[in-house]
Amino acid sequence: MIKKNYICVFLVLLLAVTLAAQPWLQNDDMFNSSGVPSLPFSQPRFADIDGDEDMDMILGNLNEAPYYIENVGSVGNPDFSEGNNIFAGISPLDAEMGVCSDLDNDGDLDLITGGFSGLNYFENIGSVNLPEFQLVNNFFSDLAVGQNPVPDLADVDDDDDLDIVVGFSENGSVKIYLNTGSIGNAQYSEDETIEIGDVGLYAYPNFCDLDADNDQDIIVGRDSYGIVYFQNNGTPQNGVWEINETMFSGIGVETYWNSPGICDLNGDGTFDLIFGNAAGPLLYYENNGTPQIPSWQQNTTLFSGVIDVGGASNPVFYDFDEDGDFDLISGTQLGYIKYYQNTGSVYAPAWEEGSDYFASIDHSIYSAITLGDVNNDGNADAIVGDLSGHFYYHRNTGSGFVFESEVLNTVDIGDWSAPRLVDMDNDDDLDIVAGNEAGNLFYFENQGTPEVPDWYEITDFFSGIDVSSNCVPGLGNLNESDGFNVITGDLWGEVQFFENISGVWTEDPTMFTGVSGEQNTTPALVDLDDDGDLDLVLGNYSGTLNYFENLLYNVHSNNETVSPNQFDLSNYPNPFNPSTNIHFSIPSECKVELTIYNILGQKVKTQISETLPAGDYSETWNGMNEFDQPLSSGVYFYKLDINYKTQAIKKCLLLK
């Protein structure tokens with residue numbers, strides 16, 4: 001009795017913490033195990049930036065200054081992670097991308113960038129190991145390179161100073177500017193140039209002696225597909241650059257705006273190919289040939305693990321494959337539906353795309369999907385919104401989706417509808433909450449049955465909620481109040497929290513203090529680490545996802561009452577409705593008590609209280625209390641006592 005009262009007090013204290021604060025820890029590795037962010041129009045370039053003799057990355061992109069991605073692995077076994085923000089203070093207008101070379105011959109690497117303002121030179125006023133970059137004004141002012149030029153540097157005329165190649169955005173031409181100064185005092189002008197060629201638009205050149213003949217070849221990406229190779233068939237003093245169409249045949253043909261970085265990434269003495277593209281994820285081809293004759297083999301592990309739907313990610317989570325963990329389903333900018341199966345576990349998700357089952361769902365652009373068994377046949381059906389503002393119902397037959405045009409065909413909530421299925425009124429059928437481009441929320445109550453839904457709009461249900469533009473809702477219970485809370489994302493990356501207090505939706509601006517997304521933030525609440533509380537996932541216009549772990553609850557932190565879970569206590573499914581199976585194992589005969597508590601620490605059900613022999617057990621809890629009365633939606637704790645000692649406490653979510 002004393003121990004039960006202690007647990008009760010402990011859980012009530014947790015509730016008090018809930019009401020006081022909601023700590024969120026951003027950990028985007030949940031959707032990107034590579035350590036390299038997926039950025040639109042990515043441009044990777046490589047150099048030993050921190051002086052530790054392995055190749056680090058400068059990752060240019062469309063919207064921000066380049067990222068410094070440090071190689072935390074080794075020369076032969078690279079591993080990348082975002083490093084210190086050494087490019088802080090550099091304007092994105094000056095640096096859409098950048099390369100590092102020792103332009104002033106002082107023994108450290110400087111930064112040369114291309115951006116909206118043209119070419120720029122940032123001198124390293126730090127050191128080899130701790131670079132610090134300072135803009136040198138008007139260094140390239142004599143060059144007519146236009147906006148967003150792409151540079152690289154090498155000695156192309158064998159005079160021991162650095163020349164510069166530039167790719168042009170306006171016309172796709174590639175031009176070399178010879179250094180008419182000296183090794184320590186570079187100078188460039190329009191009078192000393194070499195025209196290399198024209199690849200279309202947005203040329204992305206990279207110097208490299210790819211055939212090991214001691215002169216500089218040029219590898220060029222472009223706005224179209226593929227990569228162009230200008231092989232230097234001249235001499236180190238007098239280059240003759242001619243297109244070789246076979247070197248990169250078949251590479252980059254499924255991506256566009258390819259921007260290559262060339263370096264010996266794996267330390268085997270040959271140059272490897274790494275390139276970014278418009279979508280963002282990096283592609284890596286190891287050179288398994290020789291220094292003279294490259295042979296390309298794609299490496300799908302180093303930069304894998306990135307979830308990027310291609311634009312306008314709009315995530316929802318559902319156990320679609322019915323294996324006990326949450327899968328990820330997302331709308332996209334082009335209107336397709338992406339499905340990522342969770343091939344990991346309830347504690348540690350791992351994602352594998354398999355979108356074929358959803359291939360028949362294709363409407364207008366900016367799709368938003370929600371899933372639920374709306375006809376009570378055991379299959380997860382889909383309701384889709386898109387730029388048109390309508391809803392589209394796709395019934396899941398068990399072998400695919402069938403579009404039923406007569407269902408919801410009168411709904412029009414304005415541009416860009418984003419629906420979510422949820423039992424808002426707790427009557428065991430699925431209602432619809434949706435947002436639109438104007439920033440409003442809508443509620444469609446299911447006034448039919450679980451088998452035959454019939455949705456009617458309840459006007460003014462969300463009266464007072466207007467997030468200005470591009471409202472996308474997420475629903476869950478974050479503060480253990482009665483009913484659901486509503487969170488919203490908007491055009492500006494804001495995340496807002498609303499609670500229904502006495503029939504009035506009221507914002508609590510403290511719930512997501514310090515949390516923000518990117519443009520067109522689309523939120524979802526889901527327990528991805530199976531700790532019983534709801535974490536936050538944000539979709540973004542770029543197509544990527546951010547993950548914020550909810551650190552509020554930590555029932556395992558009380559060492560006086562909870563020991564490590566050696567009894568394999570778990571439940572499935574979770575969330576559940578109407579029942580869940582609670583599993584545990586005991587190594588020998590003992591007294592077992594399995595009890596259920598609500599969030600207030602009040603015991604609602606004694607599931608087991610008896611002596612059991614050694615073995616594995618599974619108990620079904622039907623969401624009822626001690627008197628066989630149905631309990632409301634919310635978080636519940638189940639506690640396992642062995643021989644009158646608490647051994648484990650876990651959480652589950654009853655979601656009606």
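The values are calculated or read from the model by the stated rules, or taken from the named source; none is laboratory data. What you see is a predicted model; the values in this text were computed from it and never measured. Glycine gets a Cβ as well: all are built from the backbone with ideal geometry, and neighbour counts include every protein chain shown. Heavy atoms of the whole protein, side chains included, go into the accessibility calculation; ligands, DNA and RNA do not. Shrake-Rupley method; radii C 1.70, N 1.55, O 1.52, S 1.80 Å.
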Completion exercise
Restricting the stretch 143-160 to residues that are under 23 Å from residue 261 (Cβ atoms) and free of Cβ contacts under 8 Å to residues at least 40 places away in the same chain, the one surrounded by the most Cβ atoms within 10 Å (Cβ to Cβ) turns out to be 149
Handout entry: Of all residues making up the stretch 70-80, the number that are among the hydrophobic types (A, V, I, L, M, F, W, C) and part of a loop (DSSP other than H, G, I, E, B)
Key = 2
Exercise for the section: Restricting attention to the stretch 631-644, report how many residues are open to solvent by 10 Å² or more (accessible area, probe 1.4 Å), in contact (Cβ under 8 Å) with a residue 40 or more places away in the chain, at negative phi and not aromatic (Phe, Trp, Tyr). Expected result: 5
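Of the residues in the stretch 111-142, how many are at positive phi and open to solvent by less than 70 Å² (accessible area, probe 1.4 Å)? Full working, then the answer.
Here is the first cut: in the stretch 111-142, the ones at positive phi are 118, 138.
Cutting the leftovers down to open to solvent by less than 70 Å² (accessible area, probe 1.4 Å) gives us 118.
Residues flagged as at positive phi and open to solvent by less than 70 Å² (accessible area, probe 1.4 Å) within the stretch 111-142 amount to 1.
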Handout entry: Candidate set from the stretch 587-598 (those that are part of a strand (DSSP E or B) and of a type outside the set (D, E, K, R)); member that is nearest to residue 655 (Cα to Cα)
Key = 598
Exercise for the section: Could you please let me know if residue 470 is within 30 Å of residue 404 (Cα to Cα), of a type outside the set (Asp, Glu) and surrounded by fewer than 21 Cβ atoms within 10 Å (Cβ to Cβ)? Expected result: no
Practice task
Might you check whether a residue that is in a strand (DSSP E or B) and modelled with pLDDT of 95 or more occurs anywhere in the stretch 81-98?
Solution key: yes
Exercise for the section: Being open to solvent by less than 30 Å² (accessible area, probe 1.4 Å) and more than 13 Å from residue 194 (Cβ to Cβ) is the filter here, so list the residues in the stretch 220-240 that pass it. Expected result: 220, 221, 226, 227, 228, 229
Exercise for the section: Give the number of residues within the stretch 266-292 that are among the acidic types (Asp, Glu) and either under 23 Å from residue 62 (Cα atoms) or open to solvent by 20 Å² or more (accessible area, probe 1.4 Å) (or both). Expected result: 2
Handout entry: Failed criterion for residue 584 (all others in (1) in a strand (DSSP E or B); (2) modelled with pLDDT under 90; (3) among the hydrophobic types (A, V, I, L, M, F, W, C) hold)
Key = (2)
Problem - The listed residue being at pLDDT 95 or above, loosely packed, with under 15 Cβ neighbours inside 10 Å and of a type in the set (Asp, Glu), out of 190, 170 - result: 190
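Here are 350, 382, 359: which of them is surrounded by fewer than 23 Cβ atoms within 10 Å (Cβ to Cβ), of a type in the set (A, V, I, L, M) and modelled with pLDDT of 95 or more?
Numbers: 350 fails: modelled with pLDDT of 95 or more; 382 fails: surrounded by fewer than 23 Cβ atoms within 10 Å (Cβ to Cβ).
Going through 350, 382, 359 in turn, just one is surrounded by fewer than 23 Cβ atoms within 10 Å (Cβ to Cβ), of a type in the set (A, V, I, L, M) and modelled with pLDDT of 95 or more: 359.
Considering only residues that are assigned to a strand (DSSP E or B) and among the polar types (S, T, N, Q), look in the stretch 509-527 and name the one that is nearest to residue 470 (Cα to Cα). Break it down stepwise before answering.
Taking the stretch 509-527 and keeping what is assigned to a strand (DSSP E or B), we get 516, 522-526.
From what is left, the residues that are among the polar types (S, T, N, Q) are 516, 522.
Values: 516: 15, 522: 9 Å.
Once the filter is applied, the top-ranked residue is 522.
Of these, 119, 111, which one is modelled with pLDDT of 95 or more, within 30 Å of residue 29 (Cα to Cα) and not in a loop (DSSP other than H, G, I, E, B)?
The unique qualifying residue is 111.
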Fill in the blank from the handout: Residue hits (the stretch 193-215; open to solvent by less than 50 Å² (accessible area, probe 1.4 Å), touching a residue at least 40 places away in the same chain (Cβ under 8 Å) and not acidic (Asp, Glu)) are 196, 197, 203, 204, 205, 206, 207, 208, 210, 212
Practice task
Inspect all residues belonging to the stretch 355-372 and state whether any of them is touching a residue at least 60 places away in the same chain (Cβ under 8 Å), not in a strand (DSSP E or B) and not small (Gly, Ala, Ser).
Solution key: no
Completion exercise
When residue 200 is run through (1) part of a loop (DSSP other than H, G, I, E, B); (2) over 34 Å from the mean Cα position of the chain (by Cα); (3) within 23 Å of residue 246 (Cβ to Cβ); (4) not polar (S, T, N, Q), the failure sits at (2)
Practice task
Would you confirm whether any residue within the stretch 549-566 is under 28 Å from residue 306 (Cα atoms), out of contact with any Pro (no Cβ under 8 Å at 6 or more places or on another chain) and at pLDDT 90 or above?
Solution key: no
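With the structure loaded, tell me whether residue 414 is more than 24 Å from the chain's Cα centre (by Cα), within 16 Å of residue 498 (Cβ to Cβ) and surrounded by fewer than 20 Cβ atoms within 10 Å (Cβ to Cβ) or whether it fails that test. Let's see the steps before the verdict.
Details: more than 24 Å from the chain's Cα centre (by Cα): yes; within 16 Å of residue 498 (Cβ to Cβ): no; surrounded by fewer than 20 Cβ atoms within 10 Å (Cβ to Cβ): yes.
The answer is no for residue 414.
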Practice task
Would you mind finding the one in 438, 434 that is touching a Cys at 6+ places or on another chain (Cβ under 8 Å), among the aliphatic types (A, V, I, L, M) and either assigned to a strand (DSSP E or B) or within 21 Å of residue 387 (Cα to Cα) (or both)?
Solution key: 438
Exercise for the section: Within the stretch 388-399, identify whether any single residue is of a type in the set (Lys, Arg), out of contact with any Gly (no Cβ under 6 Å at 6 or more places or on another chain), surrounded by 20 or more Cβ atoms within 10 Å (Cβ to Cβ) and in contact (Cβ under 8 Å) with a residue 12 or more places away in the chain, and answer yes or no. Expected result: no
Problem - Pair list, Cβ < 6 Å and 6+ apart or interchain, from the stretch 327-346 residues that are more than 15 Å from residue 540 (Cβ to Cβ) to residues that are in a strand (DSSP E or B) and hydrophobic (A, V, I, L, M, F, W, C) - result: 329/316; 329/369; 337/369; 339/329; 340/328; 340/351
Exercise for the section: May I ask you to list pairs of residues, at least six apart or on different chains, whose Cβ atoms are under 7 Å apart, with the first in the stretch 462-474 being at positive phi and the second being among the hydrophobic types (A, V, I, L, M, F, W, C) and surrounded by 14 or more Cβ atoms within 10 Å (Cβ to Cβ)? Expected result: 464/505; 470/416; 470/491
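Go through the stretch 252-265 and count every residue that is open to solvent by 10 Å² or more (accessible area, probe 1.4 Å) and at pLDDT 95 or above. Quick ask: steps written out before the conclusion?
If we filter the stretch 252-265 for residues that are open to solvent by 10 Å² or more (accessible area, probe 1.4 Å), which is where we start, we get 253-257, 262, 264.
Narrowing the set further to residues that are at pLDDT 95 or above leaves 262, 264.
Counting residues in the stretch 252-265 that are open to solvent by 10 Å² or more (accessible area, probe 1.4 Å) and at pLDDT 95 or above gives 2.
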Completion exercise
Within the stretch 587-611, of all residues that are modelled with pLDDT under 90 and of a type in the set (Val, Ile, Thr), the one farthest from the chain's Cα centre (by Cα) is 604
Exercise for the section: Taking residue 293 as the residue in question, decide whether it is closer than 28 Å to residue 490 by Cα and not basic (Lys, Arg). Expected result: no
Handout entry: Residues that are open to solvent by 20 Å² or more (accessible area, probe 1.4 Å), assigned to a strand (DSSP E or B) and in contact (Cβ under 8 Å) with a residue 24 or more places away in the chain, drawn from the stretch 613-629
Key = 615, 616, 617, 618, 619, 620
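Taking residue 202 as the residue in question, decide whether it is touching a Gly at 6+ places or on another chain (Cβ under 7 Å), among the hydroxyl-bearing types (Ser, Thr, Tyr) and more than 23 Å from residue 106 (Cβ to Cβ). Write out each step before concluding.
Working: touching a Gly at 6+ places or on another chain (Cβ under 7 Å): yes; among the hydroxyl-bearing types (Ser, Thr, Tyr): yes; more than 23 Å from residue 106 (Cβ to Cβ): yes.
In short, yes.
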Handout entry: the stretch 626-656, residues that are at pLDDT 80 or above, of a type in the set (S, T, N, Q) and either over 42 Å from the mean Cα position of the chain (by Cα) or under 15 Å from residue 585 (Cα atoms) (or both)
Key = 643
